[in-house]
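Have a look at the structure below, then the notes.
The values are calculated or read from the model by the stated rules, or taken from the named source; none is laboratory data. Because the structure is predicted, anything quoted here is derived from the model rather than measured. Cβ: placed from backbone, ideal geometry, glycine included. Neighbour counts: every protein chain shown.
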Amino acid sequence: MRRNSFVNTSPKFAMSAPWQRFGILLGTIGFIVVCFRVATKSSEDGDKSKHGDPDISYSSMISVPIEEVMAGDPIVLAQDDPRVTQYIWNHGYIVAPSEIDYNLTAPNKNPSMGQGQMIRKIFKDMKGGFFIESGALDGETRSNTLFLEKELGWKGLLIEADPKNYGMVLEKRRKAWSSNTCLATKPYPHKVVFRQQFNVGKIKDDSSKSMGNKTASGYAVVQCFPVYSLLSALSVSTIDYFSLDVEGVEMEVLANIPFDKVFIKTLSVEFNHVSAGKAGLRKVMEDKGYVVVGEVSHPQGLANDFIFVHHSLHELIAASKEQ
């Protein structure tokens, strides 16, 4: 890594002193060097006349382990910071596609509850696309992307936060990149406490401060990265299909995607647990330039998703309306 090079960033640092200015430098490997300047106010008139200026500045430096920075509190790195991408690769947060045969329970079945079928219709069984599936579960059960990958040759990224579920994802030998992380609910990497409960597991505490009393059986501390950071690590900027099912924090994930830097053509987004409700989710996505072309539901509640297509893709929108 380069040394003594200032980075233009906007970190936060919660301290009692009146911090006026500080930046982050690239330090030794595994550490972030923080340079800061503290200003204090003279309390007596005598000090003012003696020093000529009531404000006295002191400069100093501290080094912070990169793991602490990735926890997102108190120092953060922006989602487009190259050190985030480097950290993802250096710490194995993206695993390469399997090169051996699939290990599926039902190899001839399309396990999607309707979302994947709708995407196939919209793209007219297009081959060679790219997907993201967040909430990958075990890589097969109700997967919205398995058919696209296995039968149509799509590549993609499977994201599963629960370490137990992720172990099963690897056992399926999917031909997609995979990541045992969660999608960030903030515009920078951070850690969360995740409640492990197979298909209904979810973020329990969206803050590193609450880790101490939530890491008992059934909970796991999980690293989160913004969508943009993971895509940057793969040098991908266009996504044909994004399947988003993260048990209630879909809006927060979407709010932190820089849609001006990545082009997502279609999405299926679960609305069942979104705090703003269906109308709120729809309004947010319409404001980002998407139209609802379908709604997928299941009598047993196994699917409750909107299907979105970017408004500029007229052929895809037209295809969604075909019988």
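Some notes on this structure:
- Any chance E140 is outside the structural domain of I307 (by TED's automatic domain parsing), under 25 Å from G167 (Cβ atoms) and of a type in the set (D, E): no
- Any hit, region 141-155, residues being in contact with a helix residue (DSSP H, G or I) (Cβ under 8 Å, 6 or more places away or on another chain) and at positive phi: yes
- Top-ranked residue of region 132-145 - restricted to ones that are without any contact (Cβ under 8 Å) to a residue 40 or more places away in the chain and buried (at least 22 other Cβ atoms within 10 Å of the Cβ), ranked as farthest from Y219 (Cα to Cα): S143
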